[in-house]
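Here, each number is a calculation from the coordinates, and none is a lab measurement. What you see is a predicted model, and the numbers here were worked out from it, not measured in a lab. Every residue, glycine as well, gets a Cβ built from its backbone with ideal geometry; the counts of neighbours run over all protein chains shown.
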Amino acid sequence: MTAALLVIDVQNALDDPVWGRRGQLKMEKAIASLLEKWRERGDPVIHIRHDSTDPNSPYRPGQDGNNFKKEVAPLDNEPVVDKRTHSAFIGTDLMQVLEDCGCTDIVVTGGWLENSVESTVRMAGNLGFMVYLPEDCVASIDRLDRQGKKWTAEDVHALTLSILDGEYASILSSQDLLMEANN
């Protein structure tokens, strides 16, 4: 399989207490293992950086939260696509970067699953990409619904993956994806 690996919003902002409790604490480690394999094979890696325009956002440029997490930081030769909306396709050159590398398959990783990752996955599926979503390479946070009920990060994660599975993406583990990449 030759697919572009997208690393979405894996920035220091993920650790800001404003988000509340996070699940999937091994996400960065799992993404790092995919990065190692993609780099070893010379397959395309694309980093997506969220540059929030909200003055209160931990993702706002000019502060530590905007920096990529060290364990998944881009190398000098890897493209970085800056975005200001949830979807990595809106107002960015991501489509051009994918066309330039000739990729019709993408592996999407990052945080938050129920936000920027989901938005990007849905759009990619609608644009005709074959999307792979490794479940251990995305993270969610606890959420309150409109009635005030608290949903754990684990429940948000499971439900969001179930909604995306088949319709917009193929859900698998990073280990299964690495085994597939070795074939």
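Of the residues Thr152, Ser170, Thr109, the one whose Cα sits farthest towards the positive end of the charge dipole of the range 95-183 is Thr152 (charges of +1 on Lys and Arg Cβ, -1 on Asp and Glu Cβ, taken about the Cα centre).
The lysines within cross-link reach of Lys37, meaning a Cα-to-Cα straight distance under 28 Å and a gap of 8 or more places when in the same chain, are Lys26, Lys29, Lys69, Lys70, Lys83. A straight Cα-to-Cα reach below 12 Å connects Lys150 with the aspartates and glutamates Asp142, residues fewer than 8 places away in its own chain not being considered.
Pair-distance distribution P(r) for the range 4-182, from all Cα-Cα distances in 10 Å bins starting at 0: 10, 41, 39, 10, 1 percent. Per-residue ellipticity at 222 nm, computed for the chain from helices alone with -39500 (n - 2.57) per DSSP H run of at least four residues, works out to -8500 deg cm²/dmol. GNM on the chain, C-alpha springs below 10 Å: top fluctuator among Asp145, Asp15, Asp100? Among Asp145, Asp15, Asp100, the largest mean-square fluctuation in the Gaussian network model of the chain belongs to Asp145. Site pair Glu71 and Lys29 shows an inter-label distance of 0.7 nm when each label is modelled 7 Å from Cα along Cα→Cβ.
Each Lys and Arg contributes +1 and each Asp and Glu -1, all at the Cβ; summed about the Cα centre of the chain, the dipole is approximately 480 debye. Mean-square fluctuations from a GNM of the chain, with a 10 angstrom spring cutoff on Cα atoms, peak among Arg22, Arg60, Arg146 at Arg146.
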